[in-house]
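None of the figures in this text is laboratory data; all of them are computed from the coordinates on show. Owing to the predicted nature of the structure, the values given are computational and were not obtained by experimental measurement. When we count neighbours, we look across all protein chains shown, and the Cβ atoms used for this are built from the backbone with ideal geometry, even at glycine.
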Amino acid sequence: MKSLLILALLIQWPAFRGPDGQGHSSERGLPLTWSETQNIAWKTKVPGLGWSSPVIANGRVWITTAVEQKGISLRALAYDIETGQQVVDVEVFKIPYDRRDINPKNSWASPTPIIDGDRVYVHFGADGTAALTWSGEIIWKNRFEYQSQHGAGGSPIIHGDLLIFSCDGSDAAFVIALDKLTGKTRWKTNRGYPADQAYTTPLVIRVGDQDQLISVGAFRARAYEPLTGKEIWRVRYDEGFSNVPRPVFAHGLVYIATGFQQPELLAVRPDGKGDVTRTHVAWSLKRGAPLTPSPLIVGDELYVVNDGGIATCIDARTGALVWQQRLGGTYSASPVFADGRIYFLAEQGATVVIAPGREFRRLAVNTLDGGLLASMGISSGSLFLRTDSYLYRVTETLR
């Protein structure tokens, strides 16, 4: 029991978008500037390709990857946080080459792992979900079939003793909760017609005396009771599928990106029941809404960057535009807030660092070799960035 408590205390970035699921870190002393020759503690070659984000706990960095080995080997990898040395490399699933029908920007290993105590959970969408020990031994595996045209995207979350994730395909769309100890289904809720593609990660929020599981899908976003899967409320958007951004929650509002074809950001009050489309949408943003990167709340402002590199700052309560600025490049990774700064990761390898506030202030632009589609992990006074070929620990190396 004591060892499990120590593990829990050491967790710094256990899941997609960090400990709160909304891209915030309490770390201090983080680097403002870096390059291939500056403030790099280590750089480690990663086999295969994957866009899962780094998660960090107990001196290890975990990611997943897909390696072509007489088919496609879906693997879990762990690295020593101090040296960058690989300490775990285990095949979790194997799929044939004829499954290579994904979007060119996606990978076969895009969902981010999640750490809970002395276990690591890895997820590959319809290709399978598994629980691993800290040394990489597989505890259980499970698969839930659905047709995902562009590959997997959404990551799992932990709520109590449940592992919860969304499965949104063209033939079936559902949210499912597994017993995290056994991998057995505890509840499964179908989204209902129309089923279509989505690639989102749920978020659990607290509304009054009730927990709500916010899950964004094609044409609808819904709130469920996380212990039962029973729907609480839903909001409709007639044009919106292939959703990717994870929702965020602040100021009594849930901020939801509606996806393709006409992207829109909705601010929804989560205290309703049933269909709340006409009654609980506080405001919406169309110009500059993202298709892929998740929103970020810092104080009273909401920050988004769209895929084309337009960053927008909005009054989170009213939806009023504060500023809008072109960052340069294209964007898929979700921004983070740490050490009083906002970090935006461009696909071309640059990280644009700005100061939060009602005036745009660019602090630095830092470039690494290779593409950046995975979101950043933060722990131990360091930034962990994954390119298409390498994993980096970025830190103030001279301090």
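Couple of notes before you dig in:
- Ranked list, fewest to most other Cβ atoms within 10 Å of each Cβ, for Val353, Val90, Val254: Val90, Val353, Val254
- Counting only residues at least eight positions apart within a chain, or on another chain, the lysines with an alpha carbon under 18 Å from that of Lys273 are Lys230.
- Only the Cβ atoms of Lys and Arg (+1) and of Asp and Glu (-1) were treated as charged; on that basis the dipole of the range 259-372 about its Cα centre amounts to roughly 280 debye.
- Projecting the Cα atoms of Pro14, Trp108, Leu227 onto the charge dipole of the chain (Cβ charges, centred on the Cα centre) puts Leu227 farthest toward the positive pole.
- Leading residue at positive end of dipole, the range 2-394 (Cβ point charges), from Asn243, Val268, Gln38: Val268
- Fully extending the segment from Arg317 to Asp179, taken as 0.36 nm per residue of separation minus the present Cα-Cα distance, adds 46.0 nm.
- For the range 2-394, with +1 on Lys and Arg beta carbons and -1 on Asp and Glu, the positive-most of Val336, Val216, Leu368 along the dipole: Val216
- Each Lys or Arg adds one and each Asp or Glu takes one away; over the other residues whose Cβ falls under 14 Å from the Cβ of Lys184, this sums to +3.
- Full-stretch length increase - Gln86, Thr133 - with 0.36 nm per residue and alpha-carbon distance subtracted: 15.3 nm
- Neighbour-limited loop hits for GluC sites (Glu not before Pro), the range 66-112 (at most 14 other Cβ within 10 Å; DSSP other than H, G, I, E, B): Glu82
- Filtered trypsin sites (Lys or Arg not before Pro), the range 76-183: DSSP coil and at most 16 other beta carbons within 10 Å: Arg100, Lys105, Arg143
- On the basis of the beta-carbon distance and an R0 of 45 Å, Lys188 and Asp369 show a calculated FRET efficiency of 0.55.
- The aspartates and glutamates within cross-link reach of Lys188, meaning a Cα-to-Cα straight distance under 18 Å and a gap of 8 or more places when in the same chain, are Asp127, Glu145, Asp161, Asp168, Asp171, Asp179, Asp196, Asp211, Glu225, Glu231.
- Charges were assigned to the Cβ only: +1 to each Lys and Arg, -1 to each Asp and Glu. The resulting dipole of the range 195-288 about its Cα centre is roughly 160 debye.
- For a label point 7 Å along the Cα-to-beta-carbon line of Gln348, residues of the range 103-129 with backbone N under 19 Å: 105
- Neighbours of Ser242 by Cβ distance under 10 Å: Lys/Arg scored +1, Asp/Glu scored -1, total -2.
- Using only side-chain charges placed at the Cβ, +1 for Lys and Arg and -1 for Asp and Glu, the dipole size of the chain relative to its Cα centre rounds to 240 debye.
- Of all beta bridges that DSSP places with both ends in the range 165-245, some 95 percent have antiparallel geometry.
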